[in-house]
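The values are calculated or read from the model by the stated rules, or taken from the named source; none is laboratory data. Values in this document were obtained by computation on a predicted structure and should not be read as measured data. Ideal geometry is used to build each Cβ from the backbone, glycine not excepted, and the neighbour counts take in all protein chains shown. SASA here: full protein model, heavy atoms, side chains in, ligands and nucleic acids out. Shrake-Rupley method; radii C 1.70, N 1.55, O 1.52, S 1.80 Å.
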Amino acid sequence: MGVKAALPRYELYLYHCVLYLAMLWAASWIYDASSSNANRKTFKPSVKPGWYYIGRKMDTADFEWVMWFSTFCEHILFALSGHVLFAKICSLLAPQYRSLVFMAYGMLAVFCSMGWAYLTLVLSHCVLLYSISLVKLRWLCFAAGLSTLATFRMEPFLSWQAGFVTGGFELRHVFFYGGCGFTVMRCISFALENCDRKEGNFSFLELLKYNFYLPFFYFGPVMTFDRFYLQANIPNLIRKEREMWNLSIQALINLAAILVVDVLFHFLYILTIPSDAKLLKHLSDWALIGLAYINLVYDWVKASVMFGVINTVSRLDHLDPPQPPKCITKLYVFSETHFDRGINDWLCKYVYNYLGGKHDSALEELTATLCTYGVTLLWLGPGWVVLLWAFLNCFGLNLELWVTTFFSMEPFVSIEMSMSAAMSRRIRALFNTFNYWAIVLFNILALNSLDFAKMVAKRLFLKGFPLTTVMVMFVTYCLVQLIKESERRQAMIDDPDPIPPPPPAPPAVDPSQAADGVATAPPPPLDPSKEKAE
């Protein structure tokens, strides 16, 4: 049935109440564990004094969050403020040259932060992949790009290139990996788009403009070259209606999210507790399962905030960057579980959709999925945890597609058509509930550890069965139904039901066939959705 199937209001109210009470119940257990164990030896390295007026210590186990909003805060604010200032001046005086100004300021910022040797290293990769792109062979460009990316994951190539970065800048290692990795991904995108260009080649200057756009350089997201080229060379810079208002609201939302996460870190040590195996064994089922869920929610919120800050700056430059990721509280299918939509768009455009075609064949679909996760493995760095994460998510995505295909056959279609739309939605939500926890368990592997994921799964499906299992699945079912309700309302806004057209006139009869009693009707109108898909 469609996504517009509605449920009674009292049922939705029940789902809200159950979900909020369960989350508060789990949070209370985690709060008790955080308070009673704040002085444990295992907590001392990561639980440190926080805001004085709160009177509690703060969980600082996430290096990336601390880096962004403490150590890196001064550098990013200074660099991005200068970028916004020069971009605004150029947009007012000479908008046709704004992409050149972006490039010049980006190269200057990279030179000032990392030195001339690092800048030369990045430029050498750009020259190499640009030269190969002139051959216009997709397989050669892809092979050269992935081989270049592999040099940052293999010895002795990694140590040799890292030796170009010198000095005592404390974030130089983070900048080194981020800048080089995203540079290679952008160069691959440029090379593949150059292969698709029928007449001539893009200039090397266009690659430099694309690569050295400062907001995207070190930490992404990756915008494919075709999108960046069109948006960065728009001659007429016109703001959409209420665009600046929306940007201001988004900036305030990001700031509020940062403050909320910082406050929660003073009361819920969600990142430090999973590192203490002895403490985990004594936690209740609700505390342990809630800890796994909140860890995943936090990581999605963190990615959304980080990309949201960068996206706000790029939107000021009249660009339309990839959106921040959906939070785990808004999805229940594997096809949307991506932390970085820029990388996801890149993979879909150049790997998944390119190899999968129309995604009709199971073999092509499996091949495309395996290759996509293979590139992801290279991007994240080979390792047994990453390999296990990639395998499980690849399996979950394909299983999801196979199950969908299986239930789209007879007699399941007829059975579903015989029931009400609301009942169909409830049955689908029941299947999505187990899918949801598969997503949670598969992804906390990368966030925490294999031992933590095994402990959560054991408590949820073995030791906690049947009471904990049934209760958690019912709470998750309520969450999935509320996500579906949000999707239903958004679908009603985006695509409201049109006014039904008047009944068509009877078909015209061909006089030459009227004697035989055969009426010739005009061909049926094309289905707009099918026409668009083709």
Near pairs, Cβ below 9 angstrom, 6+ apart or cross-chain, from the stretch 99-117 (within 19 Å of N233 (Cα to Cα) and free of Cβ contacts under 8 Å to residues at least 12 places away in the same chain) to any residue that is among the small types (G, A, S) and outside any helix (DSSP H, G or I)
none
Six or more apart or on different chains, Cβ under 7 Å: which pairs go from a residue in the stretch 53-78 that's under 24 Å from P274 (Cα atoms) to one that's exposed (fewer than 14 other Cβ atoms within 10 Å of the Cβ) and among the basic types (K, R)? Could you list them?
K57/K48; M58/K48; T60/K48
Restricting attention to the stretch 416-434, and to residues there that are of a type outside the set (F, W, Y) and open to solvent by 90 Å² or more (accessible area, probe 1.4 Å), which single residue is nearest to Y352 (Cα to Cα)?
R428
Boolean, L387 is among the aliphatic types (A, V, I, L, M), farther than 24 Å from Y332 by Cβ and either in a helix (DSSP H, G or I) or in contact with a strand residue (DSSP E or B) (Cβ under 7 Å, 6 or more places away or on another chain) (or both)
yes
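Any chance the stretch 282-289 includes a residue that's under 30 Å from Y177 (Cβ atoms) and modelled with pLDDT of 90 or more?
no
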Screening I89, I76 for residues that are over 17 Å from L207 (Cβ atoms), hydrophobic (A, V, I, L, M, F, W, C), open to solvent by less than 100 Å² (accessible area, probe 1.4 Å) and under 26 Å from the mean Cα position of the chain (by Cα) leaves only I76
Out of all the residues in the stretch 387-401, which are at pLDDT 85 or above and open to solvent by 40 Å² or more (accessible area, probe 1.4 Å)?
L387, L388, F391, F395, L399
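Consider Y97 carefully, then state whether it is of a type in the set (S, T, Y), in contact with a Cys (Cβ under 9 Å, 6 or more places away or on another chain) and more than 24 Å from W300 (Cα to Cα).
Values: of a type in the set (S, T, Y): yes; in contact with a Cys (Cβ under 9 Å, 6 or more places away or on another chain): yes; more than 24 Å from W300 (Cα to Cα): yes.
So Y97 passes the test.
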Members of the stretch 182-206 that are out of contact with any Lys or Arg (no Cβ under 7 Å at 6 or more places or on another chain), open to solvent by 10 Å² or more (accessible area, probe 1.4 Å) and either under 19 Å from L347 (Cα atoms) or not aliphatic (A, V, I, L, M) (or both):
F182, E193, D196, R197, K198, E199, G200, N201, F202, S203, F204, E206
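Taking the condition farther than 20 Å from H359 by Cα and open to solvent by less than 40 Å² (accessible area, probe 1.4 Å), does W384 pass?
Numbers: farther than 20 Å from H359 by Cα: yes; open to solvent by less than 40 Å² (accessible area, probe 1.4 Å): no.
For W384, the condition - farther than 20 Å from H359 by Cα and open to solvent by less than 40 Å² (accessible area, probe 1.4 Å) - is not met.
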Scope the stretch 72-96; condition assigned to a helix (DSSP H, G or I) and farther than 21 Å from T312 by Cα; matching residues:
L93, Q96
